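Peer 1: I'd like to ask some things about the structure below.
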Amino acid sequence: MAMNCNGSEIKMPEIKFTKLFINGHFLDSVSGKTFETRDPRTGDVITRVAEGDKADIDLAVNAARQAFDNGPWPRMSGYQRGRILMKLADLIDQHIEELASIDSLDGGKLLSHGKFLDIPGCANSLRYYAGAADKIHGDTLKMSGEFQAYTLKEPVGVVGHIIPWNYPSSMFFCKVAPALAAGCTMIVKPAEQTPLSALYYCHLAKLAGIPDGVINVVTGFGPTAGAALASHMDVDAVSFTGSTEVGRLIMEAAAKSNLKTVSLELGGKSPVLIFDDADVDMAVALAHTSIFTNKGEICVAGSRIYVQEGIYDEFVKKAVEKCKNWVVGDPFNPQVHQGPQVDKMQFERVLKYIDIGKKEGATLLTGGKPCGEKGYYIEPTIFTDVKDDMKIAQDEIFGPVMSLIKFKTIEEAIEKANSTKYGLAAGIVTKDLNTANRVSRSIRSGVIWINCYFAFDQDCPYGGYKMSGFGRDLGLNALDKYLQVKSVVTPIFGSPW
Ligand code: ADP
C-alpha cells in the first residue's frame with residue numbers, strides 16, 4: 001500500500017485475470033508461455049500474462065467462427081443485444097475504480113483520467129451502441145426496370161481487433177462496442193504493454209450474459225499473435241489502431257491471406273494553428289493540453305504548434321511558464337498532471353527524439369530530461385526554432401514534446417499544417433469565423449477542433465486522412481466497419497423467365 005501526497009492510501013488493484021479468454025474460459029496459452037507486464041512507475045514486474053501465439057489465435061478464431069455461424073449472438077434481435085450491452089455498461093460502472101487503477105498501474109495513466117473519463121466513457125460507448133443495435137437497417141430501392149430491391153445490413157462476421165497501449169480501455173470498447181452491436185463475434189489482441197484491463201472486461205462480459213465465443217482475448221506480441229490474426233483465413237475483418245508501420249503490415253497480411261476488410265487508425269502529427277487574434281492565455285492552455293495530456297501518448301496529440309508572428313513571443317514565454325506548474329509524478333496521486341511513459345522502449349525513444357531535435361538545431365526552451373529516480377518519467381519539453389522539415393516536426397514522437405513554429409499568413413499556416421504524411425486531427429485557435437471556416441476546410445485531416453481540443457464524444461466519428469489511415473471509430477459511422485450490405489432484388493410483376 002503506497003501513500004499519495006495527501007497522506008491518504010493509494011489502493012493498488014488486485015490482478016485477478018492473466019490468462020487468455022477463449023470461448024468463455026480463461027486458459028493458459030497452448031505453448032504454456034507467459035510474458036511480463038511492468039509498472040512504468042518503477043520498471044518492476046506487475047505480473048506474468050499468458051503469451052498467446054498462432055495456435056491460440058487459431059483456437060480463438062475457431063470459437064468466434066462457431067459463435068457466429070451457430071450461436072445466438074448474430075441471430076438475436078438488436079434489442080436483445082442492446083439490453084446485454086447495457087448490462088455490461090452497468091457492470092463497468094460498478095468497477096470504475098478498479099478498472100481505472102489497473103490501467104494506471106499497467107500503462108502509467110492518470111488515475112483521475114481513468115476514473116472520470118476513460119472508464120465511464122467505455123460504459124457510455126456501450127450504451128450508445130446498445131441504443132443503435134435495434135436501429136440498424138437497410139434501404140428500399142425502386143430500381144429503374146421491372147425490379148425492386150431492398151438492402152440488408154448484416155454483421156460482417158468474425159472480426160479481429162488489434163489495439164494499442166495508450167488507451168487500453170477506450171480502445172477496447174471503441175472497437176468492441178460497435179462490433180457487438182452489429183452482431184459480430186471477435187478476437188481482441190491487446191497491446192503487450194497493457195494486457196490487463198482487456199482480460200477484466202472478458203470477466204464482466206461473461207457476467208453480463210454475452211455468450212461464449214463472442215468475445216475472445218488473446219494476449220501476446222504483435223509479430224506473433226497480432227500477425228496471426230491479421231493473416232488468418234477465417235477472419236472477415238480486422239480493425240487496427242497503432243503505428244503507420246504496423247498498419248502497413250496488417251494491410252499486407254490481409255491482402256496476402258483472404259482479403260479481409262481492413263480499417264486502420266494510425267499515427268498523427270497533428271497541427272494546432274494559433275492566429276494573432278487569439279486570446280493568448282487560452283491558446284497557451286489549449287496547446288499545452290493538446291500535447292502534454294496522457295504524457296503525449298495520444299495519436300491526436302497537438303505535436304506541432306504553429307503560432308502567428310504577432311503573438312509568437314508572448315506565446316513562447318507563457319508556454320514555458322506553464323510547464324513550471326505542470327507536475328510530473330505518480331499517476332495515482334491526484335495532484336499529478338503527467339505520469340510515466342508506458343515502458344522503457346517508449347521512454348528511450350522520446351529521449352532519442354529530444355536529442356535529435358537538439359542536433360537538428362531546434363532550441364530547447366524547457367524540459368528535455370528524464371525525471372525521478374526510477375520509472376519512465378520525462379519532463380514536459382518545448383522546442384522552438386523548429387523547421388517543418390526537421391524530424392521532430394515530421395515524425396510521431398508519442399511523448400511530451402512540443403514543437404513551436406512561427407507563421408505569417410493564413411496561406412502559410414494551411415500549407416504548413418498539411419506538410420506531413422499524416423492527417424488525423426488539427427486544432428484552430430481564432431476568434432474570426434472566416435478564418436476558422438477557411439482553415440477547417442483546407443486541412444486534410446479527419447477531425448478539426450476549433451477553439452477546443454480532445455473534444456471526443458461517442459457520437460462524433462474519428463479517424464484519419466492520408467497515412468493516418470481510413471475507416472472511422474466512434475459515432476454511427478463505426479458500425480459500417482462491422483456490417484455488410486446485401487442487396488435483395490425481386491421482380492415487381494412476376495418472374496420474367
Ligand atoms: P505502438 O507503436 O503504438 O506501440 P504498434 O503499432 O507497434 O503501436 O502496436 C499496436 C498493436 O499492434 C499492438 O497490439 C501490437 O502488439 C500490434 N502489432 C505490432 N506488430 C504487429 C504485427 N506485425 N502484426 C499485427 N499486429 C502487430
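Peer 1: Show the residue pairs meeting these rules: Cβ distance below 7 Å; 6+ apart or different chains; first residue within the stretch 449-460 and over 22 Å from residue 284 (Cβ atoms); second residue part of a loop (DSSP other than H, G, I, E, B).
Peer 2: Close Cβ pairs satisfying both conditions: 458/474; 459/475; 460/474; 460/475.
Peer 1: Is there a residue in the stretch 461-476 that is within 29 Å of residue 279 (Cα to Cα), surrounded by fewer than 19 Cβ atoms within 10 Å (Cβ to Cβ) and not basic (Lys, Arg)?
Peer 2: Looking through the stretch 461-476, at least one residue is within 29 Å of residue 279 (Cα to Cα), surrounded by fewer than 19 Cβ atoms within 10 Å (Cβ to Cβ) and not basic (Lys, Arg).
Peer 1: Quick one: which helices (runs of 4 or more DSSP H) lie wholly within the stretch 367-446 and hold at least 1 residues that are charged (D, E, K, R) and either touching a residue at least 60 places away in the same chain (Cβ under 8 Å) or closer than 30 Å to residue 347 by Cα (or both)? Talk me through it step by step, then tell me what you get.
Peer 2: Values: elements: 391-394, 410-417, 433-442.
Result: 391-394, 410-417.
Peer 1: Output yes when any residue across the stretch 342-349 is crowded, with 19+ Cβ neighbours inside 10 Å and away from the ligand (no atom under 16 Å from the Cβ), and no when none is.
Peer 2: Taking the stretch 342-349 as the starting set, the residues that turn out to be crowded, with 19+ Cβ neighbours inside 10 Å are 342-343, 346-347.
From what's left, away from the ligand (no atom under 16 Å from the Cβ): none.
Within the stretch 342-349 (the criterion being crowded, with 19+ Cβ neighbours inside 10 Å and away from the ligand (no atom under 16 Å from the Cβ)), the answer is no, since none of the residues qualifies.
Peer 1: Scanning for something under 23 Å from the mean Cα position of the chain (by Cα), among the hydrophobic types (A, V, I, L, M, F, W, C) and surrounded by fewer than 16 Cβ atoms within 10 Å (Cβ to Cβ), does the stretch 100-116 turn up at least one residue? Let's see the steps before the verdict.
Peer 2: Step one: list which residues in the stretch 100-116 are under 23 Å from the mean Cα position of the chain (by Cα), which gives 100-116.
Right, trim to among the hydrophobic types (A, V, I, L, M, F, W, C) and you get 100, 102, 105, 110-111, 116.
Restricting the remaining residues to those that are surrounded by fewer than 16 Cβ atoms within 10 Å (Cβ to Cβ) gives 116.
Yes, the stretch 100-116 contains at least one residue that is under 23 Å from the mean Cα position of the chain (by Cα), among the hydrophobic types (A, V, I, L, M, F, W, C) and surrounded by fewer than 16 Cβ atoms within 10 Å (Cβ to Cβ).
Peer 1: Okay, next question. Looking at 150, 167, which is the one that is within 16 Å of the ligand (Cβ to nearest atom), more than 22 Å from residue 214 (Cα to Cα) and hydroxyl-bearing (Ser, Thr, Tyr)? Break it down into steps so the answer makes sense when it comes.
Peer 2: On the way: 150 fails: within 16 Å of the ligand (Cβ to nearest atom).
Answer to the check: 167.
Peer 1: Check off (1) farther than 24 Å from residue 457 by Cα; (2) in a strand (DSSP E or B); (3) of a type outside the set (Gly, Ala, Ser) for residue 161 and give me the number that stays unchecked.
Peer 2: (1)
Peer 1: So which residues in the stretch 182-219 are farther than 20 Å from residue 25 by Cβ and either hydrophobic (A, V, I, L, M, F, W, C) or near the ligand (Cβ under 8 Å from one of its atoms) (or both)?
Peer 2: Here is the first cut: in the stretch 182-219, the ones farther than 20 Å from residue 25 by Cβ are 182-184, 191-194.
Those that are farther than 20 Å from residue 25 by Cβ and either hydrophobic (A, V, I, L, M, F, W, C) or near the ligand (Cβ under 8 Å from one of its atoms) (or both): 182, 184, 191, 192, 193.
Peer 1: Mind listing whichever residues of the stretch 319-329 are in contact with a helix residue (DSSP H, G or I) (Cβ under 9 Å, 6 or more places away or on another chain) and over 17 Å from residue 283 (Cβ atoms)?
Peer 2: As a first pass, look at the stretch 319-329 and keep what is in contact with a helix residue (DSSP H, G or I) (Cβ under 9 Å, 6 or more places away or on another chain): 319, 321-323, 326, 328.
Of everything in the stretch 319-329, just one residue is in contact with a helix residue (DSSP H, G or I) (Cβ under 9 Å, 6 or more places away or on another chain) and over 17 Å from residue 283 (Cβ atoms), namely 328.
Peer 1: Hey, another quick one. Suppose the filter is within 24 Å of residue 351 (Cα to Cα) and assigned to a loop (DSSP other than H, G, I, E, B); does residue 276 pass it? Give the steps one after another, and end with the answer.
Peer 2: On the way: within 24 Å of residue 351 (Cα to Cα): no; assigned to a loop (DSSP other than H, G, I, E, B): yes.
No, not satisfied.
Peer 1: A further question follows. With the condition kept exactly as written, say whether any residue in the stretch 169-177 is touching a Cys at 6+ places or on another chain (Cβ under 9 Å) and outside any helix (DSSP H, G or I).
Peer 2: no
Peer 1: A follow-up question, please. If residue 143 passes every condition in (1) more than 16 Å from the ligand (Cβ to nearest atom); (2) at negative phi but one, which one does it miss?
Peer 2: Of everything listed in (1) more than 16 Å from the ligand (Cβ to nearest atom); (2) at negative phi, residue 143 misses just condition (2).
Peer 1: Separate question: Quick one: count up the residues across the stretch 467-494 that are part of a strand (DSSP E or B) and in contact with a Ser or Thr (Cβ under 8 Å, 6 or more places away or on another chain). Lay out the reasoning, then the answer.
Peer 2: From the stretch 467-494, those part of a strand (DSSP E or B) are 469-470, 473, 483-491; that's our starting set.
Narrowing the set further to residues that are in contact with a Ser or Thr (Cβ under 8 Å, 6 or more places away or on another chain) leaves 469-470, 473, 485-488.
Residues that pass the stated criteria total 7.
Peer 1: Residue 438 versus (1) within 16 Å of the ligand (Cβ to nearest atom); (2) over 25 Å from the mean Cα position of the chain (by Cα): which is the lone unmet condition?
Peer 2: All conditions are met except number (1).
Peer 1: Okay, next question. For the stretch 252-282, which residues satisfy the criterion of being more than 9 Å from the ligand (Cβ to nearest atom), closer than 25 Å to residue 157 by Cα and either modelled with pLDDT under 95 or touching a Phe, Trp or Tyr at 6+ places or on another chain (Cβ under 9 Å) (or both)?
Peer 2: Restricting attention to the stretch 252-282, the residues satisfying the condition of being more than 9 Å from the ligand (Cβ to nearest atom) are 252, 254-265, 268-282.
The next check asks that each one be closer than 25 Å to residue 157 by Cα; those that pass are 252, 254-265.
Across the stretch 252-282, the qualifying residues are 262, 263, 264, 265.
Peer 1: Do the conditions hold for residue 284, that is, is it without any contact (Cβ under 8 Å) to a residue 60 or more places away in the chain and surrounded by 24 or more Cβ atoms within 10 Å (Cβ to Cβ)? Full working, then the answer.
Peer 2: Working: without any contact (Cβ under 8 Å) to a residue 60 or more places away in the chain: yes; surrounded by 24 or more Cβ atoms within 10 Å (Cβ to Cβ): yes.
Criteria met by residue 284.
Peer 1: Do we have any residue at all in the stretch 347-362 that's on the phi < 0 side of the Ramachandran plot, at pLDDT below 95 and either in a strand (DSSP E or B) or touching a strand residue (DSSP E or B) at 6+ places or on another chain (Cβ under 9 Å) (or both)?
Peer 2: The initial filter retains those residues of the stretch 347-362 that are on the phi < 0 side of the Ramachandran plot, namely 347-360, 362.
Restricting the remaining residues to those that are at pLDDT below 95 gives none.
No, the stretch 347-362 contains no residue that is on the phi < 0 side of the Ramachandran plot, at pLDDT below 95 and either in a strand (DSSP E or B) or touching a strand residue (DSSP E or B) at 6+ places or on another chain (Cβ under 9 Å) (or both).
Peer 1: Hey, among the residues in the stretch 220-235 that are more than 13 Å from residue 161 (Cα to Cα) and more than 8 Å from the ligand (Cβ to nearest atom), which one's surrounded by the fewest Cβ atoms within 10 Å (Cβ to Cβ)?
Peer 2: Result: 233.
Peer 1: Still on this structure: Against the condition among the charged types (D, E, K, R), within 27 Å of residue 161 (Cβ to Cβ) and either touching a Ser or Thr at 6+ places or on another chain (Cβ under 7 Å) or modelled with pLDDT of 95 or more (or both), how does residue 431 come out, does it pass?
Peer 2: Working: among the charged types (D, E, K, R): yes; within 27 Å of residue 161 (Cβ to Cβ): no; either touching a Ser or Thr at 6+ places or on another chain (Cβ under 7 Å) or modelled with pLDDT of 95 or more (or both): yes.
Judged against the criteria, residue 431 is not a match.
Peer 1: With respect to residue 245, is the statement that it is surrounded by 23 or more Cβ atoms within 10 Å (Cβ to Cβ) and within 12 Å of the ligand (Cβ to nearest atom) true?
Peer 2: Values: surrounded by 23 or more Cβ atoms within 10 Å (Cβ to Cβ): no; within 12 Å of the ligand (Cβ to nearest atom): yes.
Taking the combined requirement at face value, the residue does not satisfy it.
Peer 1: Go through the stretch 39-81 residue by residue and tally those that are small (Gly, Ala, Ser) and assigned to a helix (DSSP H, G or I).
Peer 2: Keep residues of the stretch 39-81 that are small (Gly, Ala, Ser), which gives 43, 50, 52, 55, 60, 63-64, 67, 71, 77-78.
Checking the rest, the ones that are also assigned to a helix (DSSP H, G or I) come to 55, 60, 63-64, 67, 78.
Summing the residues that are small (Gly, Ala, Ser) and assigned to a helix (DSSP H, G or I) in the stretch 39-81 gives 6.
The values are calculated or read from the model by the stated rules, or taken from the named source; none is laboratory data. No experiment lies behind these values; they were computed from the predicted model shown. Cβ atoms come from the backbone with ideal geometry, glycine included; neighbour counts cover every protein chain shown.
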